[in-house]
Amino acid sequence: VSQSRYQDEVYKTVQDRLVKMLESADPNSWEFPWHKTGFVPHNPTNKKRPYSGVNMLMLLFAQEDKGYTTPMWAGFEQWKKMGGTVRKGEKGTQIFIPTIVPPKKDKDGSVVKEGFTFFKVGYVFNADQIDGIDVNSLRSVELDPAERVQELEDALAEVGAVITTGADGRAFYSP
């Protein structure tokens, strides 16, 4: 199965699960999965940035299905670097890892080949699958407003986002 086709199958599975959850939900008591834990899945080794897109949903579903009590997820080597050990027999949860290939430019700075993003399949483990880590020491600390703004600016710079402000002040997306 090609990478693209496999990715489509995963997206379809996630979509079907969301639709099923919504169709079977009691409109008076249903909660978004991320409201149940109070936190979206995040990686404690990556500035505690939340997972996004389909990765967030796949990890929320795995957390709910397997009864994990923490929203912290990281790769085998990431846990190892923190002093943790994945318990024998534990299975990782699949995610898509984005890889950004920047545009190629000539010596004048003109784009000669557009950049693109592709996804690799990776596996992460929940903190509940790890021995040797004090999970409480990894819990997020509330940031003051200046720190929150700085983290956002750092994240935008990391992905190369360009933010421009128009005279009318309206927000919009332009690919």
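The values are calculated or read from the model by the stated rules, or taken from the named source; none is laboratory data. Keep in mind that this is a model prediction, so the values were computed, not measured. We place every Cβ from the backbone using ideal geometry, glycine too, and count neighbours over all the protein chains shown. The accessibility values were calculated without ligands, DNA or RNA, using every heavy atom of the protein model including side chains. Shrake-Rupley method; radii C 1.70, N 1.55, O 1.52, S 1.80 Å.
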- Query: Length gain on complete extension for the stretch ARG49 to GLU23, per 0.36 nm per residue less the alpha carbon to alpha carbon distance?
  - Reply: 6.3 nm
- Item | Per residue, in Å², the accessible surface of the chain once ligands and nucleic acids are set aside, probe 1.4 Å | 71 Å²
- Item | Accessible area of the chain belonging to carbon and sulfur atoms, whole % at 1.4 Å probe | 55 percent
- Candidates MET58, MET72, MET21; GNM for the chain (alpha-carbon contacts under 10 Å) flags as most fluctuating MET21
- 29 Å Cα-Cα threshold exceeded, pairs from LYS91/LYS113; LYS47/LYS105; LYS20/LYS81; LYS47/LYS107; LYS81/LYS120: LYS91/LYS113; LYS47/LYS105; LYS20/LYS81; LYS47/LYS107
- Just grab the label-to-label distance for THR165 and LYS113, each label 7 Å out from Cα along the Cβ direction, in nm (one decimal). 3.8 nm
- Just VAL149, VAL101, VAL162 to compare: in a GNM of the chain, with alpha carbon springs under 10 Å, which one fluctuates most? VAL162
- Taking 77-84, 123-130 and ranking on average Cβ neighbours within 10 Å, highest first, one gets 123-130, 77-84
- Message: Please list, in order along the range 154-162, the HN-Hα scalar couplings obtained from phi with the Karplus expression 6.51 cos²θ - 1.76 cosθ + 1.60 (θ = phi - 60°), rounded to whole Hz, x for Gly and Pro.
- Response: 5, 5, 5, 5, 4, 9, x, 5, 10
- Mind checking the dipole of the chain: about its Cα centre, +1 per Lys or Arg Cβ, -1 per Asp or Glu Cβ, Debye to the nearest 20? 600 debye
- Task: Subtracting the Cα-Cα distance from 0.36 nm times the residue separation, let me have the gained length for VAL149 to THR69 in nm, one decimal.
- Result: 25.9 nm
- Query: For P(r) over Cα pairs in 5 Å bins from 0, in percent, the listed values are (1) 1, 6, 12, 15, 16, 16, 14, 10, 5, 3, 1, 0, 0; (2) 1, 7, 9, 10, 11, 13, 14, 12, 9, 7, 5, 2, 0; (3) 1, 8, 13, 16, 14, 11, 10, 8, 7, 5, 3, 2, 1, 1, 0; which was obtained by calculation from the structure presented?
  - Reply: (1)
